[in-house]
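The structure appears right after this line, and notes come after that.
Derivation of every value follows stated rules applied to the coordinates shown; laboratory data play no part. Predicted, not measured: the structure shown is a model, and the values here were computed from it. As a convention, Cβ positions derive from the backbone with ideal geometry for all residues, glycine included, and neighbour counts pool all protein chains shown.
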Amino acid sequence: MGSFPEVWDDGTTGTGPDHQVHWYDDRTAIIRQALRTNFEGPFCYLLIGSERALLLDTGTGHADMRAVVDELLAKTDVELIVARTHGHGDHIGGDDQFDEVVGVSVDEVAEFFGITDWPDQIVELDLGDRVLDVIPIPGHQGTDIALYDRSTRLLLTGDSLYPGRLYVPDWPAFRASIQRLAGFVAAGNPVSWVLGAHIEMPDEPGVDYEMGADVHPGEHPLQLGPEVLGELAGVLEQAGETPRRIVRDHFIVFPR
């Protein structure tokens, strides 16, 4: 079992680095971009196997992600794969800092991972002694994926589930994706924690920060229990086909 910091440094004081790096375990680094570099303050993930490492998301581009990743991989000899949870600017902004990245169109994402039946097919990605399941979950942006790490039982969900506002421009696709994701877990893939790409709520049930806030006092923990995914699937099923705002303790469904 890995660990989380008691409190994330949101990077608003101006005295810390542009990225906070926390080692969840010795092969899993969580990288948080400081809010003072951009109000999105995204979380990115570096998963290291014996043959390859996967960087999931590159941040907004307002900070040097490449230098961070190079330092983290300095004592390894592995190929680096750079992919994204989806194609929004705060997740692909640092792409040009890297030599090769997976494309962000549906066709490019599907081709790289070997998905021939988007979005209904789940495929494996072997990093070497570390197997990930790649799960298409369009609805937030269209090329969204989740990653399930069998070794840590972490489920990485990008902007589709995190403590904050879950923006949903494609309601039918999002409902279907969350149902598939919950079904994947229920089918015997145990999840220790669900980890998204942002924190947009204080540690107060159902409350969110003001849109675009670049100061986050008293943040909600990044990690969500797997029951929160089940809760999201349940409220979406109950809501039916008509998009509506849904406020819960650990997330806010926000149709757009």
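Quick notes
- DSSP-defined antiparallel bridges as percent of all bridges, the chain, nearest 5: 70 percent
- A simple count of charges around Arg245, restricted to other residues whose Cβ falls under 13 Å of its Cβ and scoring Lys, Arg +1 and Asp, Glu -1, yields +3.
- Neighbourhood net charge (13 Å Cβ-Cβ; Lys/Arg +1, Asp/Glu -1) for Gly158: -4
- C-alpha center-to-center spacing [region 221-256, region 115-167] in angstrom: 17 Å
- Each listed q (0.17, 0.23, 0.27, 0.29 Å⁻¹) maps to a log10 I(q)/I(0) for region 1-46 from the Debye sum over equal C-alpha point scatterers, namely -0.46, -0.77, -0.96, -1.05.
- Across the chain, C-alpha contacts under 8 Å between residues 6 or more apart give a mean separation that, scaled by the residue count, equals a relative contact order of 15 percent.
- Rounded to the nearest 20 debye, the dipole magnitude of region 1-113 is 300 debye, with +1 charges on Lys and Arg beta carbons, -1 on Asp and Glu beta carbons, and the Cα centre as origin.
- Region 136-256: relative contact order as a whole-number percent, Cα under 8 Å and 6+ apart: 30 percent
- When the charge dipole of the chain is built from unit charges on Cβ atoms (+1 for Lys and Arg, -1 for Asp and Glu) and taken about the Cα centre, the candidate among Leu73, Gly183, Thr152 whose Cα reaches farthest toward its positive end is Gly183.
- P(r) of region 19-255 over all Cα-Cα pairs, binned every 5 Å from zero, in whole percent: 1, 7, 15, 20, 21, 18, 11, 6, 1, 0, 0
- Taking packing as the residue-averaged number of other Cβ atoms within 10 angstrom, the listed peptides 29-42, 162-175, 223-236 run from highest to lowest as 29-42, 162-175, 223-236.
- Surrounding net charge for Gly206, when Lys and Arg each add one and Asp and Glu each subtract one, Cβ distance under 10 Å: -2
- Percent of Cα pairs in region 24-114 per distance bin of 10 Å, from zero to the largest separation: 17, 51, 29, 3.
- The phi torsions of region 131-140, fed into the Karplus equation with coefficients 6.51, -1.76 and 1.60 and a -60° offset, translate into couplings of 9, 10, 9, 9, 10, x, 9, x, x, 7 Hz, rounded to whole numbers, with Gly and Pro shown as x.
- Every helix of 4 or more DSSP H residues in the chain counts as -39500 (n - 2.57), and over all residues that averages to -5500 deg cm²/dmol at 222 nm.
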